[in-house]
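The values are calculated or read from the model by the stated rules, or taken from the named source; none is laboratory data. Being a predicted model, the structure only gives us computed values, none of them experimental. For neighbour counting, all protein chains shown are included, and Cβ atoms are generated from backbone atoms with ideal geometry for every residue, glycine included.
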Amino acid sequence: MSGEHLLARTDEAQLFRDLSRSNQVTTWRWFAGMGILALVLLWGIGVFVYMMTTGMGVTGLNRPVFWGVLIVNFVFWIGLSHSGTLISAILRLTHATWRAPILRAAEAMTAFSLLVGALFPLIHLGRNWRFYYTIPYPNERGLWPNMRSPLMWDAVAINTYLLGSLTFLYVGMIPDLALLRDNSTGWRRKLYSILSLGFRGTHAEWRRYHVASTFFAILIIPVAVSVHSIVSWDFAMAKVPGWHSTIFAPYFVVGAIFSGIAGVILVMAVLRRVFRLEKALTPLHFDNLGKLLCTMSLLWGYFYFTEFLTVWYNRNPEEWEVFRSYGKSFLPVFLLMITCNFIVPFPLLCLRRVRRSVPAIFGVSLLVIVGMYSERVLIVVASLARRNDPFIWHNYFPTWVELSITAASFAMFTMLYMVFSKIFPIMAISEIKERLFHTTERAIGNATAEAIARVEEHGEGEVK
Amino acid sequence: MSGVVVIGLFDGVEKAARAGKALRSLPLPAGNITTISGVPLPDGAVCEDPRPIRFPRVVIAAWFVGALAGLGLALATYLLYPLITAGKAIVSIPPTLIVTYEIAMLFALMATLIAGALEMGLGRFKARKVHDPRIHEGKIAVCALVEPGDQARRAAGALTEAGGTEVRVEEGEL
């Protein structure tokens, strides 16, 4: 090791250019993509206005299925949001050395999928213009939200998680915003100056910044777990066969982490390709996330089998009818779910060459997303379609209204991400620089290994 | 302490550490010396941060305030807008725990942002703080708050002797 520890281990200017390419270069493809997505979003907004003015009858909702694709979308987007912040927080707390290039993409995914997901209860509301009835404030109507309702717990939890995730994303960006401030001009400089709050990188600032980051990570993990538990209780608290289950909270959390990791991999693969981030997002990152995805596939399979086994053995007629419908009317959805969530991903993800191949793991993650969406369709729709009284059993198919709104939600998510990547650093540049600073090449025999210094403060001025 | 800031740029940590040591021996208190860098340095590597980090206490206090607020919201709801359902308690404990917990966590998260930013001194846009954007090129800026005149000259000399470049004296805050 040389006698002098340099902060700049690489050409810093080149590193900055590589990692902030998304902020610097805007091609016609970006505008074309935004244009197409804006059209889809506008179409979805138009359809929503049509649904609002005409009534919920234009959807496929009918007795007994009063929760359909709009609620499936809600659970799907909230589930997708689950992993971003959670992964980021866990990797920060465990000082995972490979975390840096993943953090920002994951945190942004959480924030945007939450923003999209939180719209669906309002879209599904029916008389949407009276959404403010759900807000607790003294009013002449004498109405107040019912805190005993799981839907109200949901509102409280999602607001906490949304604000927490946005803050977590923002705090993680402060050093990078300072970096951009010092490297930009015009309106961007003004914007970054305000958002970076005057962060300079003094010794005292860094120390407090690290403590604040750790606190955020510690606080956001239980919030993330609670949010999806509460989403599951929207279902589990009702005496509906297929929903009323004690296992639902951990099962939902596992499912959410599963789909969330798949979402992070998809986002990373797209960013890597679009912004040419091959040097930052290496096969190692996909390999590590692939291992996590493999574990979650196994866990999901375990939970699903446990849930099925107890119903199968017990043969409670009401609950068994729901499972029987998986083999009849809902067979295609059931097969899609099992195939995409377990049968294909688990064995494939056991293979190192699949995990290290970006196109392959992209494909597997896409399958998981499809599988998890199918799972939510089965949970929401199949349980209601086979609810207690056989005289009212009725299948549900979404109409063009729900499908349009669903397409618009995907467009909105992608647009938010595209706008974000134009204005804000999509890579955690400071974290990457910090990792480079702590990394040295160490010769072990004829091999060269990467050695990473980890700094631990033990007490007043004592550093190990 | 009112004064001026002496600032010098260094290529490596060891040179910056020598500068930090030289400034301490002037003598200058630890609180008057700091680094500005694009990457965090361990405490004690170049300078020490003598100020204790206090904002976690605010976060913990905010958690309890949030818990009280959540508890108050749930209880007030039950009592002011009682929802009478056969066989169900008007004041229900499990939902109260959930609402209390979520609002407590929200308060703690917001307190981390606000108290953390305040303790870092962020958001003071009008304050004239010394800075050098070349830290993003890998330089370390070693800065010291000194009295104008002789102490400033000696501090600048110490930074130059330790291998500092672009050593200068600026009006402003650390």
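Does A:LEU180 satisfy the criteria of being farther than 24 Å from A:LEU114 by Cα and not β-branched (Val, Ile, Thr)?
So A:LEU180 passes the test.
Condition (residue is of a type in the set (A, V, I, L, M), at the interface with chain A (Cβ under 8 Å from one of its Cβ atoms) and touching a Ser or Thr at 6+ places or on another chain (Cβ under 6 Å)) applied to region B:117-124: is it met by at least one residue?
So far as region B:117-124 goes, no, none of its residues is of a type in the set (A, V, I, L, M), at the interface with chain A (Cβ under 8 Å from one of its Cβ atoms) and touching a Ser or Thr at 6+ places or on another chain (Cβ under 6 Å).
If we keep just the residues of region B:125-142 that are in contact with a strand residue (DSSP E or B) (Cβ under 7 Å, 6 or more places away or on another chain) and among the basic types (Lys, Arg), which is farthest from the other protein chains (Cβ to nearest Cβ)?
That would be B:ARG128.
Find the residue count for region A:167-191, including only residues that are at the interface with another protein chain (Cβ under 9 Å from one of its Cβ atoms) and either over 30 Å from B:MET105 (Cβ atoms) or aromatic (Phe, Trp, Tyr) (or both).
The number of residues fulfilling the criteria is 6.
Condition first: in contact with a helix residue (DSSP H, G or I) (Cβ under 6 Å, 6 or more places away or on another chain) and surrounded by fewer than 18 Cβ atoms within 10 Å (Cβ to Cβ). Can you find one or more residues in region A:20-27 that meet it?
No: region A:20-27 contains no residue that is in contact with a helix residue (DSSP H, G or I) (Cβ under 6 Å, 6 or more places away or on another chain) and surrounded by fewer than 18 Cβ atoms within 10 Å (Cβ to Cβ).
How many residues does region A:278-333 contain that are under 30 Å from A:SER357 (Cβ atoms) and among the acidic types (Asp, Glu)?
2
For region A:11-46, enumerate the residues that are more than 14 Å from chain B (Cβ to nearest Cβ) and assigned to a loop (DSSP other than H, G, I, E, B).
Selection gives A:VAL25, A:THR26, A:THR27.
Looking only at residues in region B:54-81 that are more than 10 Å from chain A (Cβ to nearest Cβ) and free of Cβ contacts under 8 Å to residues at least 12 places away in the same chain, which one is nearest to A:MET147 (Cα to Cα)?
For region B:54-81, the residue satisfying everything is B:GLY72.
Mind checking which pairs have a first residue in region B:31-46 that is more than 7 Å from chain A (Cβ to nearest Cβ) and a second that is of a type in the set (Asp, Glu), Cβ under 9 Å, 6 or more apart or different chains?
Cβ pairs passing all conditions: B:GLY31/B:GLU48; B:GLY31/B:ASP49; B:ILE33/B:GLU48.
Enumerate the pairs (first residue in region A:329-343 and without any contact (Cβ under 8 Å) to a residue 12 or more places away in the chain and closer than 10 Å to A:VAL370 by Cα; second residue anywhere and in a helix (DSSP H, G or I) and not β-branched (Val, Ile, Thr)) with beta-carbon separation below 6 Å, excluding pairs fewer than 6 apart on the same chain, so at least 6 apart or on different chains.
none
Hey, does region A:248-255 have a residue that's among the aliphatic types (A, V, I, L, M), crowded, with 24+ Cβ neighbours inside 10 Å and under 14 Å from the mean Cα position of the chain (by Cα)?
So far as region A:248-255 goes, no, none of its residues is among the aliphatic types (A, V, I, L, M), crowded, with 24+ Cβ neighbours inside 10 Å and under 14 Å from the mean Cα position of the chain (by Cα).
Of the residues A:GLY57, A:GLY33, A:GLY44, only one is loosely packed, with under 14 Cβ neighbours inside 10 Å and modelled with pLDDT of 90 or more; which?
A:GLY57
Keeping to region A:349-376, report how many residues are assigned to a helix (DSSP H, G or I) and under 23 Å from A:GLU278 (Cα atoms).
14
Checking the conditions here, which among A:THR167, A:THR185 is in contact (Cβ under 8 Å) with a residue 40 or more places away in the chain and of a type in the set (Val, Ile, Thr)?
The unique qualifying residue is A:THR167.
Can you confirm whether region B:109-118 contains a residue that is within 29 Å of A:LEU166 (Cβ to Cβ), touching a Lys or Arg at 6+ places or on another chain (Cβ under 9 Å) and in contact (Cβ under 8 Å) with a residue 40 or more places away in the chain?
yes
Quick one: in region A:197-247, which of the residues that are part of a helix (DSSP H, G or I) and polar (S, T, N, Q) is surrounded by the most Cβ atoms within 10 Å (Cβ to Cβ)?
Checking each candidate, the answer is A:SER232.
Can you confirm whether A:GLY55 is on the phi > 0 side of the Ramachandran plot, over 20 Å from the mean Cα position of the chain (by Cα) and away from every other protein chain (no Cβ under 14 Å)?
So A:GLY55 passes the test.
Scanning for something touching a Gly at 6+ places or on another chain (Cβ under 6 Å), free of Cβ contacts under 8 Å to residues at least 24 places away in the same chain and facing chain B (nearest Cβ under 7 Å), does region A:192-205 turn up at least one residue?
For region A:192-205, residues touching a Gly at 6+ places or on another chain (Cβ under 6 Å), free of Cβ contacts under 8 Å to residues at least 24 places away in the same chain and facing chain B (nearest Cβ under 7 Å): present.
Go through region A:298-317 and give me each residue that's surrounded by fewer than 16 Cβ atoms within 10 Å (Cβ to Cβ) and touching a residue at least 60 places away in the same chain (Cβ under 8 Å).
Selection gives A:ASN316 alone.
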